[in-house]
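Read the figures in this text as sums done on the coordinates, not as results from a lab. Just so we're clear, the structure is a prediction, and the values are computed from it rather than from any experiment. Positions of Cβ are backbone-derived with ideal geometry, glycine not excepted, and every protein chain shown enters the neighbour counts.
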Amino acid sequence: MAEDYRKMWAGLGLDLEKHDKLLGILGEAYPQFFLSQQNRPEGMEYFDFVISEIHGLRVKELLDHKEKGGKIFGTFCVYVPDEIISALNGIGVGLCAGTDFSIPDAEVDLPRNLCPLIKSFYGFKVGRVCPYFEACDVIIGETTCDGKTKAYEVLGEVHPTFVMEIPHRKNEETMKLWRSEIVKFARYAEELTGEKLTVERLRAGIKLHNEKRRALQRLHQLRRAEPVPVSGKDVLLINQIAFYDDPTRFTGSVNKLADEVEKRVAAGEGVFPNDAVKLITTGTPFAIPNWKLHHVVESAGVAIVGEESCVGSRYFDTLVDDSGETLDELFDALAERSFKIHCACFTPNDARLDDIIKMYRGSGAAGVINYNLSFCTPYLVENYHIEKRLAAEGIPVLTLESDYGMGDVGQLQTRIGAFVESL
Ligand code: SF4
Ligand code: SF4
């Protein structure tokens, strides 16, 4: 990365020494995890470039936007309506929370036996190592799981934070509550940005994000081909970058890659042999740079062809209806789309089980890896239903619990190897 970014990072108040260490770790891991793969599509070059500039170019774009009066919204959940942010000339950034690097700083204030995703994001803030966090005018939190809900109270002491209330059941009453939260957020965002939401602007925001989701749907459909034309690791990376890249540029790059992958499929060209075992995953989100599971699985010659995850299908499977002619109708559409996302924070959550089975049946996978972060109560408890339902459907499933450390890689290799052997 260009040297003059140091001035930018210093201006954001980063701890430069610690930040250098973080970039050093990323700089070592990325070639090993990604660039070492054989026969990657050329279209991956754009995404390699985005990572090579991970704390550089995009952060600069955010700061340039702020300089022109625009606002930056940091988010941690797919329920937060990016469409409203874009409609008000804001930029939404899904903040990363996928490394154990920042956890020791978090554990000064937060309990150790808390989900690593929460500790990771809080540690990024208090450890002053994330330029995205520092560029955000506000963090938009949500009352999904208890850990995040309470962590936003603590975060609110060190960064402006606005929390949306997400109900835990899906019915007519809670739909009204969630819709009113969306409207409340829209009013807050209008005040923060000094912009006014109109039907045209909100519809344009909806179309922008629908296009992004369509491009990801297209790629997701193509990756299931035989032989597998693009690695699961590369698609995971793209799903992660979706949260913070410029939406228009990102959509164009995904579609360009999909064009190339389409040609590969037609030519029967792949990154795994024809008879490679295919798996899908389900579970907690893989926040960047959590690449561990995909790396372990694919290094064993097994292809991952789907993720039932918020960094995966839950992010792009459903679109927002953009046909509404009033703001009220568009707010309805935003709320309705959210309720089609089946996070384990909801009870009951049988629709998620249907989603997993649908993905399994449509992907040609031989089994499911049910991967969850330690101390994530909603997903860990929901494992009971997943295992029971998949067993009833005759679908092989391997349940794993892990964190961001690399200490369990050997154990994961053994368990995944035995699972694949059994298929
Ligand atoms: S898993 Fe639940 S809380 Fe986490 S991003 Fe997805 S919807 Fe939000
Ligand atoms: S992984 Fe689980 S515990 Fe962690 S933030 Fe997401 S829902 Fe909450």
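Quick notes on this one:
- The range 223-282, dipole about Cα centre (Lys/Arg Cβ +1, Asp/Glu Cβ -1), debye to the nearest 20: 100 debye
- Cross-link partners for residue 18 among the aspartates and glutamates, with Cα-Cα distance under 13 Å and sequence neighbours closer than 8 places in the same chain left out: 105.
- Measuring nothing but how far apart in sequence close Cα pairs (under 8 Å, 6+ apart) lie, relative to its length, the range 282-423 scores a relative contact order of 26 percent.
- Each of 32, 174, 49 was placed along the dipole of the range 6-200 (beta-carbon charges, centred on the mean Cα), and the one lying farthest toward the positive end is 174.
- Using a simple spin-label model with pseudo-atoms 7 Å out from Cα toward Cβ, residue 15 and residue 108 lie 0.6 nm apart.
- Over the range 357-400, relative contact order from alpha-carbon pairs under 8 Å, at least 6 apart, %: 49 percent
- Among 410-422, 140-152, the order from most to least packed when residues are scored by Cβ within 10 Å on average: 140-152, 410-422
- Candidates 120, 402, 313: whichever shows maximal mean-square fluctuation once the chain is modelled as a Gaussian network with Cα springs under 10 Å: 402
- Pairs spanning more than 24 Å between alpha-carbon atoms, out of 71/119; 184/340; 21/212; 176/388; 119/176: 71/119; 21/212; 176/388; 119/176.
- Relative contact order of the chain, defined on C-alpha pairs under 8 angstrom at six or more residues apart (%): 17 percent
- In the range 161-204, trypsin sites (Lys or Arg not before Pro) in a DSSP loop with at most 14 other beta-carbon atoms within 10 Å: 169, 196
- Remark: the residue 183-residue 267 segment gains 25.4 nm on full extension, using 0.36 nm per residue and subtracting the alpha carbon distance.
- Listed residues 392, 232, 132: farthest to the positive end of the dipole of the chain (Cβ charges): 392
- Tensor-based shape of the range 320-423 (alpha-carbon gyration tensor, a/c under 1.5 rounded, otherwise prolate or oblate): prolate
- Within a straight-line Cα-Cα reach of under 12 Å, residue 256 can be paired with the following aspartates and glutamates, leaving aside sequence neighbours fewer than 8 residues apart in one chain: 42, 45.
- Candidate lysines - alpha carbon under 18 Å from residue 68, same-chain residues fewer than 8 apart omitted: 60, 196
- Residues residue 157 and residue 38, FRET efficiency given R0 of 45 Å [Cβ-Cβ distance, rounded to 0.05]: 0.40
- Seen from residue 329, the other residues with C-beta closer than 12 Å to its C-beta sum to a net charge of -4, counting Lys and Arg as +1 and Asp and Glu as -1.
- In this structure, the amide hydrogen of residue 138, modeled 1.01 Å from its nitrogen in the peptide plane, lies closer than 5 angstrom to those of 72, 74, counting only residues at least 5 positions away or on a different chain.
- Alpha-carbon Rg with Dmax, taken over the range 6-200, Å: 18.1, 52
- Only Lys, Arg (+1) and Asp, Glu (-1) charged, at Cβ; the range 6-200 dipole about Cα centre in debye: 160 debye
- Remark: the Cα gyration tensor places the chain in the rounded category, a/c being less than 1.5.
- Spin-label pair residue 149/residue 66, simplified geometry with 7 Å Cα→Cβ offset, distance in nm: 3.1 nm
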